[in-house]
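Down below is the structure, laid out as structure tokens.
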Amino acid sequence: MSLDSVIQALSSVSSPLVTSHVDLDGDAVGSELGLSLLLERMGKKPVVVNQDALPCQYDFLPGRHMVRKSVEEAAGVDAGVVLDCTSLERTGSVGRFMAESRLPIINIDHHSGNVGFGTVNLIRPEACATATIILDLFRALGQSIGQDVATCLYAALVAETGSFRLSNTSAESLEACALLAREGAKPYEIAAGLFSSKSPQALRLMGDAMSSLEIHLNGTLAVLSLPHSRVEESGVGGEELEGIVNFAMSVRGVGVGVFLRELPGSVVKVSLRSNGTVDVDKVARGFGGGGHTNAAGAKIPGTLDEVKGIVVERIAQAVRDGQRHQP
Ligand code: 5GP
């Protein structure tokens, strides 16, 4: 569907419930706050609720006055707006509330694997981030952007491009950032907000993750991992570990980076990054997860060692398949 259908749908609601996926990341938070500020300007009463609490590295972003802790605080909402989620299940408990309340759902996303679960769906896999689709909404509506929205969307783009290092760093993402900087986003302050907010414990834990480095497949696969016992002992929340997987990609000659974080209950959260040699979205989908060709994730049942073994094997298989299909 087009931007016009989304604009029409947004115009007809009065109090939208805006949400995104579990394990919130920068594109999710920046996009939902940026869009909610737009909706507020349109005279709506947006409420932002996520299953997970807002990670502290986003505390500096404008628009947090619209964030509520749970759906119980979202009485009177008349539509759901779901951002950056391939499926309604990705929102966790908030999506279940939307389904039970039979809310019409506006689904805005840039993942190619989006299943089109909304009443209105705006899926643009070519967009480097959900934030750039929100930016397009502002332009289509002829709305000024302003410093508050620019800050949210710029932060989303920095996060989604891995600080302009991932393969979605393009003329499009850089031009969007230049536009947002001209609108008042302060790159230095936003980088400080995003990356200078770690606790000493989180940094020590990252040190543990670095020490766990394993190299497989003749130096082309780097794996970092953290056992649950170590994370629990440190008292560090998972959100403070966002971006660790990018360190795996910083090893010379590595084409695929993996970060495995063991969760309670024998489940492992897997983050995958690729330089294009392996389609990690396909690998993640094989485990019930998803994402993008070069950045994807999944939650896989099993112990840390079991999951590590399976993931390494699947990546090895994907490399072999890729070699077989080369001309
Ligand atoms: P990350 O590794 O940073 O958690 O996620 C990388 C990308 O994969 C993001 O686009 C994220 O939304 C997606 N992703 C991560 N975990 C899952 C998952 O369990 N299911 C799906 N569908 N996507 C995921």
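Here is how the numbers come out for the structure above:
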{"item": "Count of region 1-46 residues which are part of a helix (DSSP H, G or I), within 16 Å of the ligand (Cβ to nearest atom) and charged (D, E, K, R)", "result": "2"}
{"item": "Single condition residue 319 does not satisfy, out of (1) assigned to a helix (DSSP H, G or I); (2) at pLDDT 95 or above; (3) over 21 Å from residue 27 (Cβ atoms)", "result": "(2)"}
{"item": "Hits in region 27-67 (condition: crowded, with 23+ Cβ neighbours inside 10 Å, within 15 Å of the chain's Cα centre (by Cα) and not small (Gly, Ala, Ser))", "result": "27, 29, 32, 33, 50, 58"}
{"item": "Enumeration of residues in region 236-252 that are more than 14 Å from the ligand (Cβ to nearest atom) and touching a helix residue (DSSP H, G or I) at 6+ places or on another chain (Cβ under 6 Å)", "result": "236"}
{"item": "Test: residue in region 160-180 that is assigned to a helix (DSSP H, G or I), closer than 16 Å to residue 62 by Cα, in contact (Cβ under 8 Å) with a residue 60 or more places away in the chain and out of contact with any Pro (no Cβ under 9 Å at 6 or more places or on another chain)", "result": "no"}
{"item": "Residue match in region 59-68 (condition: among the basic types (Lys, Arg) and farther than 29 Å from residue 189 by Cβ)", "result": "no"}
{"item": "Number of positions in region 296-316 that are within 16 Å of the ligand (Cβ to nearest atom), in a helix (DSSP H, G or I) and touching a residue at least 24 places away in the same chain (Cβ under 8 Å)", "result": "5"}
{"item": "From 90, 102, 139, residue being assigned by TED's automatic domain parsing to the domain that holds residue 63 and assigned to a loop (DSSP other than H, G, I, E, B)", "result": "102"}
{"item": "Region 81-125, residues that are more than 20 Å from residue 70 (Cα to Cα), free of Cβ contacts under 8 Å to residues at least 40 places away in the same chain and away from the ligand (no atom under 15 Å from the Cβ)", "result": "118"}
{"item": "Where a residue in region 224-251 is in the same structural domain as residue 301 (by TED's automatic domain parsing) and its partner, wherever it lies, is surrounded by fewer than 17 Cβ atoms within 10 Å (Cβ to Cβ) and of a type in the set (Val, Ile, Thr), with Cβ under 8 Å and at least six apart", "result": "251/215"}
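The values are calculated or read from the model by the stated rules, or taken from the named source; none is laboratory data. These numbers were taken from a predicted model, which means no experiment stands behind them. Backbone-built Cβ (ideal geometry, glycine too); neighbour counts: all protein chains shown.
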